[in-house]
Amino acid sequence: MKHKLWVRDVEEYLFCPMVFYFSVVLGHERAKSYWADLGKEIQQDVESVIAQKFDVFAREFEVESERLGVKGKVDFVVRDEKHLAPLEVKYSHSLKPWWKYSAVLYGILLEDSIGKPVKRSYVFLTESDRTVKIDITDESRTFVEKAVKDCYEILNGKDPKPSKSKSCRNCDFNHLCSEFHIMN
């Protein structure tokens, strides 16, 4: 496998396959993200909050699955009872569906990296100061692994299909998406 996907790539696919297509396949640069910089700052600010709620095993921990061809860096790895679990920090009041599934993907990658079962992942939502527990089920594993497979199919030439949502109006690639569909 020549190209290895990042969790962020799969998260973009889950948000909208067209975002994945424009950024990963065609290599269109996104504007320097205010949100990425803000996320790093917030992650540092919430570290003590997370340490109060969890036994922190690692921070900025690199995970990878050769089997899936995906790698990433999870914000925190925490101890959850007898198991380790990934924990992602998001600057939001609510859990977005694509964050839920990227958290599941981090769990799968952590499991493949350490060779031990990972039963759940967590997402800490800074704006509501709450932690969402996401159980990693057979169904969520299947969904995420299919999404990874779909990403590789698009990388290998399959045309992506857009996800129409109210998020389209704020998308960095909105103008390209409409042009792409006029041409196809």
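For residues that are in contact (Cβ under 8 Å) with a residue 24 or more places away in the chain and open to solvent by 30 Å² or more (accessible area, probe 1.4 Å), scanning just the range 134-153, find the one that is nearest to Y21 (Cα to Cα). Reasoning before the result, please.
At the first step, the residues of the range 134-153 found to be in contact (Cβ under 8 Å) with a residue 24 or more places away in the chain are 134, 136, 140-141, 143-145, 147-148, 150-152.
Adding the requirement that they be open to solvent by 30 Å² or more (accessible area, probe 1.4 Å) leaves 141, 143, 145, 152.
Values: R141: 23, F143: 19, E145: 18, Y152: 11 Å.
Looking at residues that are in contact (Cβ under 8 Å) with a residue 24 or more places away in the chain and open to solvent by 30 Å² or more (accessible area, probe 1.4 Å), I get Y152.
May I ask you to list the residues in the range 109-133 that are open to solvent by less than 40 Å² (accessible area, probe 1.4 Å), more than 14 Å from H83 (Cα to Cα) and part of a strand (DSSP E or B)?
Selection gives V123, F124, L125, V132.
Mind checking which residues of the range 154-164 are open to solvent by less than 60 Å² (accessible area, probe 1.4 Å) and under 21 Å from V7 (Cβ atoms)?
I154, L155, P160, S163 - these are the residues of the range 154-164 that are open to solvent by less than 60 Å² (accessible area, probe 1.4 Å) and under 21 Å from V7 (Cβ atoms).
Can you tell me which of (1) free of Cβ contacts under 8 Å to residues at least 60 places away in the same chain; (2) more than 21 Å from G72 (Cα to Cα) is the one V118 doesn't meet?
(2)
Of all the residues that make up the range 72-89, how many are within 22 Å of A147 (Cβ to Cβ) and open to solvent by 60 Å² or more (accessible area, probe 1.4 Å)?
Residues that pass the stated criteria total 1.
Where the second residue is surrounded by 11 or more Cβ atoms within 10 Å (Cβ to Cβ) and at pLDDT 90 or above and the first is of a type in the set (S, T, N, Q) and outside any strand (DSSP E or B) and lies in the range 37-65, which pairs have Cβ atoms under 8 Å and are six or more apart or on separate chains?
Q43/D75; Q43/V89
Okay, residues lined up against (1) modelled with pLDDT of 90 or more; (2) in a loop (DSSP other than H, G, I, E, B); (3) touching a Cys at 6+ places or on another chain (Cβ under 9 Å); (4) hydroxyl-bearing (S, T, Y):
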| residue | (1), (2), (3), (4) |
| --- | --- |
| F143 | yes, no, no, no |
| K158 | yes, yes, no, no |
| S167 | no, no, yes, yes |
| D172 | no, yes, no, no |
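Which pairs have Cβ atoms under 6 Å, sit 6 or more apart or on different chains, and link a residue in the range 91-108 that is surrounded by fewer than 21 Cβ atoms within 10 Å (Cβ to Cβ) to one that is of a type in the set (F, W, Y)?
Pairs that qualify, where the first residue is surrounded by fewer than 21 Cβ atoms within 10 Å (Cβ to Cβ) and the partner is of a type in the set (F, W, Y), are W98/F15.
From the list V63, V19, exactly one residue is touching a helix residue (DSSP H, G or I) at 6+ places or on another chain (Cβ under 7 Å) and at pLDDT below 90. Which is it? Give the steps one after another, and end with the answer.
Values: V63 fails: at pLDDT below 90.
It is V19.
The values are calculated or read from the model by the stated rules, or taken from the named source; none is laboratory data. What you are looking at is a predicted structure, and each value in this text was computed from that prediction instead of being measured. Neighbour counts are summed over all protein chains in view; Cβ atoms, including those assigned to glycine, are modelled from backbone coordinates with ideal geometry. All accessible areas refer to the heavy atoms of the entire protein, side chains included, with ligands and DNA or RNA removed. Shrake-Rupley method; radii C 1.70, N 1.55, O 1.52, S 1.80 Å.
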